[in-house]
């Protein structure tokens with residue numbers, strides 16, 4: 001994520017050696033900026049809650065045709081995205097720890113570093129919500145964020161990936177009620193810490 005969530009300009013993503021560091025970061029933020037970010041987060045939360053209640057169509061456009069093995073099986077992938085919901089845009093950052101044996105774990109943050117969603121997708125496709133927020137509720141994370149992870153980084157081709165692959169590091173996911181434009185900022189190959197994929201580490205409801 002970046003500064004104010006209503007801004008659509010792209011900013012450099014904070015350097016991060018491991019998604020685990022995100023839980024320890026507590027940046028000092030001016031109250032006025034924080035209040036504005038919380039207001040935008042509240043708007044996004046209401047929009048997503050509305051979409052979840054009304055339902056969301058799946059495959060309705062051209063499907064993303066991702067090249068097999070387009071990303072290393074073991075890597076830390078830093079992403080920057082713009083989520084558009086009912087005409088409103090919100091900037092997001094994503095940190096994906098990918099393991100050839102343990103699956104993928106994605107941590108989504110706002111610009112100030114606050115965690116909005118944390119999901120672990122096992123190799124068999126089963127999703128575990130590790131952490132949710134008032135913006136992204138568990139059902140939304142499990143139904144949509146986990147599905148988008150599978151579309152772009154899963155081990156097998158998915159059948160419900162509406163959108164397009166603009167380039168090898170630039171994707172556009174287009175579902176009926178939202179679209180996500182995602183840029184891959186950095187890919188660091190390497191085996192990820194085993195504890196990142198431990199389902200017992202999930203936040204208790």
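The values are calculated or read from the model by the stated rules, or taken from the named source; none is laboratory data. Bear in mind the structure is a predicted one, so any value in this text is a computation, not a measurement. Reconstructed Cβ throughout: ideal geometry from the backbone, glycine too, with neighbour counts over all protein chains shown.
Against the numbered list (1) in contact with a helix residue (DSSP H, G or I) (Cβ under 8 Å, 6 or more places away or on another chain); (2) within 17 Å of residue 178 (Cβ to Cβ); (3) surrounded by fewer than 21 Cβ atoms within 10 Å (Cβ to Cβ), residue 142 comes up short only at (1). Residue 158 satisfies every condition listed in (1) closer than 22 Å to residue 74 by Cα; (2) touching a residue at least 12 places away in the same chain (Cβ under 8 Å); (3) assigned to a loop (DSSP other than H, G, I, E, B) except (2).
Yes/no matrix, rows are residues, columns are (1) free of Cβ contacts under 8 Å to residues at least 60 places away in the same chain; (2) in contact with a helix residue (DSSP H, G or I) (Cβ under 6 Å, 6 or more places away or on another chain); (3) in a loop (DSSP other than H, G, I, E, B):
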{"residue": "148", "(1), (2), (3)": "yes, no, no"}
{"residue": "163", "(1), (2), (3)": "no, no, no"}
{"residue": "173", "(1), (2), (3)": "no, yes, no"}
{"residue": "186", "(1), (2), (3)": "no, no, no"}
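Restricting attention to region 180-205, the residues that are surrounded by 17 or more Cβ atoms within 10 Å (Cβ to Cβ) and under 15 Å from residue 105 (Cβ atoms) add up to 3.
Residues are listed down the side, and each one gets a yes or a no for (1) in a strand (DSSP E or B); (2) modelled with pLDDT under 85; (3) touching a strand residue (DSSP E or B) at 6+ places or on another chain (Cβ under 9 Å); (4) surrounded by 21 or more Cβ atoms within 10 Å (Cβ to Cβ):
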| position | (1), (2), (3), (4) |
| --- | --- |
| 39 | no, yes, no, no |
| 43 | no, yes, yes, no |
| 48 | no, yes, yes, yes |
| 53 | no, yes, no, no |
| 57 | no, yes, yes, no |
| 66 | no, yes, yes, no |
| 97 | yes, no, yes, yes |
| 105 | yes, no, yes, yes |
| 116 | yes, no, yes, yes |
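Residues considered: 89, 33, 79. Of these, the only one that is farther than 26 Å from residue 190 by Cβ and either in a strand (DSSP E or B) or at pLDDT 95 or above (or both) is 89.
Out of all the residues in region 85-94, which are surrounded by 24 or more Cβ atoms within 10 Å (Cβ to Cβ) and in contact with a helix residue (DSSP H, G or I) (Cβ under 7 Å, 6 or more places away or on another chain)? Selection gives 90 alone.
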